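Down below is the structure, laid out as structure tokens.
The values are calculated or read from the model by the stated rules, or taken from the named source; none is laboratory data. In this text, all values refer to a predicted model and were calculated from it rather than measured experimentally. Methodologically, a virtual Cβ is constructed for each residue, glycine included, from the backbone with ideal geometry; neighbour enumeration extends over all protein chains shown. With ligands, DNA and RNA removed, areas are computed over all heavy atoms of the protein, side chains included. Shrake-Rupley method; radii C 1.70, N 1.55, O 1.52, S 1.80 Å.
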Amino acid sequence: MISGGRLVTPDGVLDDGWLLVEDGLIAALGTGAPPATYRVHDARGAWVVPGFVDIHCHGGGGSAFTSPHPADVLRAAHTHASHGTTTLLASLVSAPVPELVEQIAALREHVEDGLLAGIHLEGPFLAEARCGAHDPAILQPPHRDDVEKLLTTGPVRMVTLAPELAGSVRAVRQIVDAGAIAAIGHTDATEALVLPAVDAGATVATHLFNGMRPLHHREAGPIGALLDDERVSVELICDLVHLSPTVVRLAAQHAGPTRTVLVTDAIAAAGAGDGRYLVGGITVEVLDGVPLVVGGDSLAGSTLTMDVAFRNMVKTCGMGILDAVDATSTRPAELLGLAKTTGSLTKGLAADVVLLDPNLRLDGVLRHGEWVNVDA
């Protein structure tokens, strides 16, 4: 029993609320005096919110999801769980298709055992002009056979591609028909090239603003097209480095709670400190928590964790607690088709729960009803 906190539920905030966990599920919740027959965790003064759902994460704790070693995958996933992320997609950076096939196959068991919710392919179907930390020599158009090979190797839940590449609209249909999410990112496309991909079924903007042709008042480009389209949910990296607080607020206010998704885009350096890391085959230097491609000025993912993203959205960007819950839990769970399993404090759903102190700093994490060691 978690008792005495401020529970953020789909029906609003329950002050002095309680939440009962049984067999890994939320068995009941309410306000006032809870049943007295259960072991109680006193959450008085804390915010109690759903576990975070991160649909774009490359690693953490010094390890990347591209590693063939199971211990590295466990370390990365557990690092983010210790910061409140109870549901996680493993994102893979651009690589030759045969290497991606091997990486997907290596991650399959971690999806089957529930450690990961699936795999996100960020590349190799990206635009060289907006490659960021992706090796431009590896990038390629989305050939039908390559897309099919990747989608059938393992549990791929999302694929990011640039809509201006030859065959991209067909690839979007192919991805969607396979039951995965087609996302648009790392693109230099004009608005006119973006819209056919959305019409074909693309429903996510991969880290909106970053790795994209900038917004211009005479050419909306991908940013304007994706932000203004009600069919598209927009990822925002709320580390206050990739985006300014004003940009986060403007985008979140325009997209609204049903389309705004906070992501970390975290690399192995998240939770591991400054130093040099490999992102794919690219060497990255992390200084003061900011990862940059060595010899260039491109950001290479982030060192963000979802608890910090949540706090930044509220404390610095000026959005509300309910907005942050929608963006870190409810909406991403819906995108993954997991709303009947997780993403809200609702009876019958998994007991994925995060406790935040009055300053929105991490105070406790339950994943499937089990306490996680918190790295606050």
- Task: Rounded to whole Hz and in sequence order, give me ³J(HN,Hα) for the stretch 222-238 from the Karplus expression 6.51 cos²θ - 1.76 cosθ + 1.60, θ = phi - 60°, writing x for Gly and Pro.
- Result: x, 5, x, 5, 6, 5, 8, 9, 5, 7, 10, 8, 10, 7, 10, 8, 9
- Query: If each of residue 292 and residue 166 carries a label point 7 Å out from its Cα toward its Cβ, how far apart are those two points in nm?
  - Reply: 3.7
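Would you kindly work out the equivalent ellipsoid of the stretch 271-376 from its C-alpha gyration tensor and give its semi-axes, the square roots of five times the eigenvalues, largest first in whole Å? Present the calculation step by step, with values, prior to reporting the outcome.
Numbers: eigenvalues 179, 52, 44 Å².
Calculated on Cα positions only, the semi-axes equal 30, 16, 15 Å.
Please work out the average accessible area per residue across the stretch 242-376, using the 1.4 Å probe convention, and give it in Å².
On the way: 5460 Å² over 135 residues.
Each residue of the stretch 242-376 exposes 40 Å² on average to a 1.4 Å probe.
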- Task: Please list the non-local residues whose amide H lies under 5 Å from the amide H of residue 298, H modeled 1.01 Å from N, same-chain partners needing a gap of 5 or more.
- Result: 293
- Cα centroid of the stretch 295-334 to Cα centroid of the stretch 148-220, whole Å: 22
- Considering amide H positions built from the backbone, and no H for Pro or chain starts, which residues 5 or more places from residue 234, or on another chain, come under 5 Å of its amide H? 205, 260, 261
- Query: Taking N as the number of residues in the stretch 260-309, what value does Rg over Cα atoms divided by 2.2 N^0.38 Å take?
  - Reply: 1.10
- Query: Does a label point 7 Å from the Cα of residue 22, set along Cα-to-beta-carbon, have any residues of the stretch 329-352 with amide nitrogen under 18 Å, and which are they?
  - Reply: 346-352
- Note on the structure: The farthest towards the positive end of the charge dipole of the chain, of the residues 356, 61, 287, given +1 on Cβ of Lys and Arg and -1 on Cβ of Asp and Glu, is 356
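Which value, in debye to the nearest 20, gives the size of the charge dipole of the chain about its Cα centre, when Lys and Arg are +1 and Asp and Glu are -1 at the Cβ?
Values: 24 positive and 44 negative charges, 86 e Å.
Value, rounded to 20: 420 debye.
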- Of the accessible area of the chain, computed with a 1.4 Å probe and all protein chains kept, carbon and sulfur make up a percent value of 51
- Placing one equal point scatterer on each C-alpha of the stretch 1-141 and summing with Debye, one gets log10 I(q)/I(0) at q = 0.15, 0.16 Å⁻¹ equal to -0.81, -0.86
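Please give the per residue accessible area of the stretch 45-190, computed with a probe of 1.4 Å over protein heavy atoms only, in Å².
Working: 4640 Å² over 146 residues.
Value returned for the stretch 45-190: 32 Å² of accessible area per residue.
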- Task: Would you compute, from DSSP H runs of 4+ residues alone, the mean residue ellipticity of the chain at 222 nm, taking -39500 (n - 2.57) per run and dividing by the full residue count, rounded to the nearest 500?
- Result: -7000 deg cm²/dmol
- What is the projected area of the convex hull of the Cα atoms of the stretch 110-167, averaged over all directions, in nm²? 4.5
- Looks like the stretch 151-284, by Cα gyration tensor root eigenvalues a ≥ b ≥ c and the a/c under 1.5 rounded cutoff (else prolate when a/b is bigger than b/c, oblate otherwise), is oblate
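Would you be so kind as to identify all helices of the chain, as entire DSSP H runs, whose Cα atoms reach 24 Å or more along the helix's own axis and whose mean Kyte-Doolittle hydropathy is at least -1.0? Walk me through the numbers on the way to the answer.
Working: long enough: none.
Both cut-offs are met by no helix.
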- Message: Loop by DSSP (not H, G, I, E, B), at most 16 other beta-carbon atoms within 10 Å: where is the longest site-free stretch of the chain for trypsin sites (Lys or Arg not before Pro)?
- Response: 45-217
- Query: Once you sort the root eigenvalues of the Cα gyration tensor of the chain as a ≥ b ≥ c, which label holds: rounded (a/c under 1.5), prolate (a/b larger than b/c) or oblate (the other case)?
  - Reply: prolate
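Beyond 16 Å, how much of the Cα-Cα pair distribution for the stretch 102-204 remains, as a whole percent?
Numbers: 2844 of 5253 pairs.
Looking at the stretch 102-204, the distances longer than 16 Å represent 54 percent of pairs.
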- What list of ³J(HN,Hα) couplings, whole Hz, do you get for the stretch 28-33 from phi and the Karplus terms 6.51, -1.76, 1.60, once you set θ to phi - 60° and write x for glycine and proline? 5, 7, x, 10, x, 5
- Per residue of the stretch 115-129, in order, report the coupling 6.51 cos²θ - 1.76 cosθ + 1.60 (Karplus, θ = phi - 60°) as ³J(HN,Hα) in whole Hz, putting x for Gly and Pro. 5, 10, 8, x, 10, 10, 9, 9, x, x, 8, 10, 7, 4, 5
